[in-house]
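Q: Following this message is one structure expressed as structure tokens.
The values are calculated or read from the model by the stated rules, or taken from the named source; none is laboratory data. The structure presented is a predicted model; accordingly, all values stated were derived computationally and were not measured. Cβ atoms come from the backbone with ideal geometry, glycine included; neighbour counts cover every protein chain shown.
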Amino acid sequence: MNQLIEITVAEIKELAVVEPKAASKKFELIANEMSDAQLVEVIEQIDIVTLTQINSQHDISFPSIISELMTPEKIRDIVCQQPLYWEEKIKNNADELKQHTFDFLTYLIRTQDSEDKQTEILECIAEDPAGLFYLSIPFIELYRGEVYEDEDFYKDILHEEEQDLEEAVTYTERHNSEEMHGLGIDDPRSLLALIRHLAPEVEGAIKALIRNENSGWENIINKFATELVMQAKAKNDVPDELDEVDDMFSFLD
């Protein structure tokens with residue numbers, strides 16, 4: 001069995017070098033033939049770069065079982081690694097960054113099968129300074145954007161959702177509450193409400209980080225994105241002359 005796992009890991013890594021989507025499909029195929037324990041062992045033996053490439057082929061509309069089996073630590077490392085592979089059109093556009101990070105976080109968090117694991121993931125990501133920057137990007141415009149300059153107006157937007165979330169005891173009840181208030185999972189306010197419900201200290205850290213900045217929301221996003229790339233390079237010991245790795249893969253269209 002150990003040999004089978006080693007062969008599987010080697011095949012996935014080899015495919016990921018050429019085409020990450022093929023590596024993702026390979027993992028989905030083996031998921032039908034292995035137990036969850038075996039799949040977890042496969043994941044543990046795959047390097048973080050390959051895991052980042054594979055997961056970046058998915059979103060909430062096209063999930064992968066790999067996201068459900070990864071540990072919160074693996075998910076945190078993927079979040080902190082991904083900025084190294086942002087395409088230029090994402091890296092240099094505040095709106096693209098906001099949407100991209102929101103989509104990726106929604107996928108990684110919403111595909112989990114329990115609130116306990118969702119909470120562990122949020123807390124684990126937020127413990128890393130780079131992870132907190134990443135977590136904050138989708139919500140910068142909500143806190144600092146011109147359309148939400150009136151903070152009392154913003155508080156009113158989330159007031160009803162917050163009350164309902166405090167009373168919710170299951171995912172289904174919370175989901176129905178979000179739908180009732182017109183907050184689908186494609187709305188950043190819905191993800192922010194989920195974070196506030198599951199990990200209020202993480203929501204508080206996001207708020208504090210954003211409100212510590214004095215410029216407009218687009219400048220803050222650009223600043224956070226630059227910091228994320230720098231921290232990812234430092235963690236991976238990437239020299240400046242190897243700055244461009246954006247073409248290694250593209251995010252799901």
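Q: I need a count of the residues in the range 17-48 that are assigned to a helix (DSSP H, G or I) and under 21 Å from residue 73 (Cα atoms). Before you say what the answer is, go through the steps one by one.
A: Taking the range 17-48 as the starting set, the residues that turn out to be assigned to a helix (DSSP H, G or I) are 17-18, 20-30, 36-45, 48.
Next cut, under 21 Å from residue 73 (Cα atoms) only: 24, 27, 36-45, 48.
Qualifying residue count for the region: 13.
Q: Could you count how many residues in the range 9-54 are touching a Phe, Trp or Tyr at 6+ places or on another chain (Cβ under 8 Å), within 19 Å of residue 87 (Cβ to Cβ) and without any contact (Cβ under 8 Å) to a residue 60 or more places away in the chain?
A: 2
Q: Ok, one more. Mind listing whichever residues of the range 190-230 are small (Gly, Ala, Ser) and modelled with pLDDT of 90 or more? Give the steps one after another, and end with the answer.
A: The initial filter retains those residues of the range 190-230 that are small (Gly, Ala, Ser), namely 190, 193, 199, 204-205, 208, 215-216, 225.
Those that are small (Gly, Ala, Ser) and modelled with pLDDT of 90 or more: 190, 193, 199, 204, 205, 208, 225.
Q: Wholly within the range 79-128, which helices (runs of 4 or more DSSP H) include no fewer than the required count, namely at least 2 residues that are closer than 21 Å to residue 184 by Cβ and either modelled with pLDDT under 95 or of a type in the set (Val, Ile, Thr) (or both)? Spell out the reasoning first.
A: Details: elements: 88-91, 94-110, 115-127.
Answer list for the range 79-128: 94-110.
Q: Let me ask something additional. Please find, among 121, 78, 66, 90, the residue that is among the aliphatic types (A, V, I, L, M) and surrounded by fewer than 22 Cβ atoms within 10 Å (Cβ to Cβ). Break it down stepwise before answering.
A: On the way: 121 fails: surrounded by fewer than 22 Cβ atoms within 10 Å (Cβ to Cβ); 78 fails: surrounded by fewer than 22 Cβ atoms within 10 Å (Cβ to Cβ); 66 fails: surrounded by fewer than 22 Cβ atoms within 10 Å (Cβ to Cβ).
Checking each option against the conditions leaves just 90.
Q: What's the total number of residues in the range 205-218 that are touching a residue at least 24 places away in the same chain (Cβ under 8 Å) and either in a loop (DSSP other than H, G, I, E, B) or more than 12 Å from residue 129 (Cα to Cα) (or both)?
A: We begin by selecting, within the range 205-218, every residue touching a residue at least 24 places away in the same chain (Cβ under 8 Å); these are 205-207, 209-211, 213, 216-218.
Retained after the next criterion (residues that are either in a loop (DSSP other than H, G, I, E, B) or more than 12 Å from residue 129 (Cα to Cα) (or both)): 207, 210-211, 213, 216-218.
Number satisfying all stated conditions: 7.
Q: Inspect all residues belonging to the range 23-35 and state whether any of them is among the charged types (D, E, K, R), modelled with pLDDT of 95 or more and either out of contact with any Lys or Arg (no Cβ under 9 Å at 6 or more places or on another chain) or surrounded by 18 or more Cβ atoms within 10 Å (Cβ to Cβ) (or both).
A: First, the residues of the range 23-35 that are among the charged types (D, E, K, R): 25-26, 28, 33.
Filter once more, so that each one left must be modelled with pLDDT of 95 or more: none.
No.
Q: Which residues, counting only those in the range 53-74, are closer than 14 Å to residue 105 by Cβ and under 12 Å from the mean Cα position of the chain (by Cα)?
A: 55, 56, 58, 59, 60, 67, 72
Q: Looking only at the range 130-156, how many residues end up being surrounded by fewer than 16 Cβ atoms within 10 Å (Cβ to Cβ) and either of a type in the set (A, V, I, L, M, F, W, C) or modelled with pLDDT of 95 or more (or both)? So that I can check it myself, show each step before the final result.
A: Here is the first cut: in the range 130-156, the residues surrounded by fewer than 16 Cβ atoms within 10 Å (Cβ to Cβ) are 146-153, 155-156.
In the following step, the residues that additionally are either of a type in the set (A, V, I, L, M, F, W, C) or modelled with pLDDT of 95 or more (or both) were identified as 147, 153.
Within the range 130-156, residues that are surrounded by fewer than 16 Cβ atoms within 10 Å (Cβ to Cβ) and either of a type in the set (A, V, I, L, M, F, W, C) or modelled with pLDDT of 95 or more (or both) number 2.
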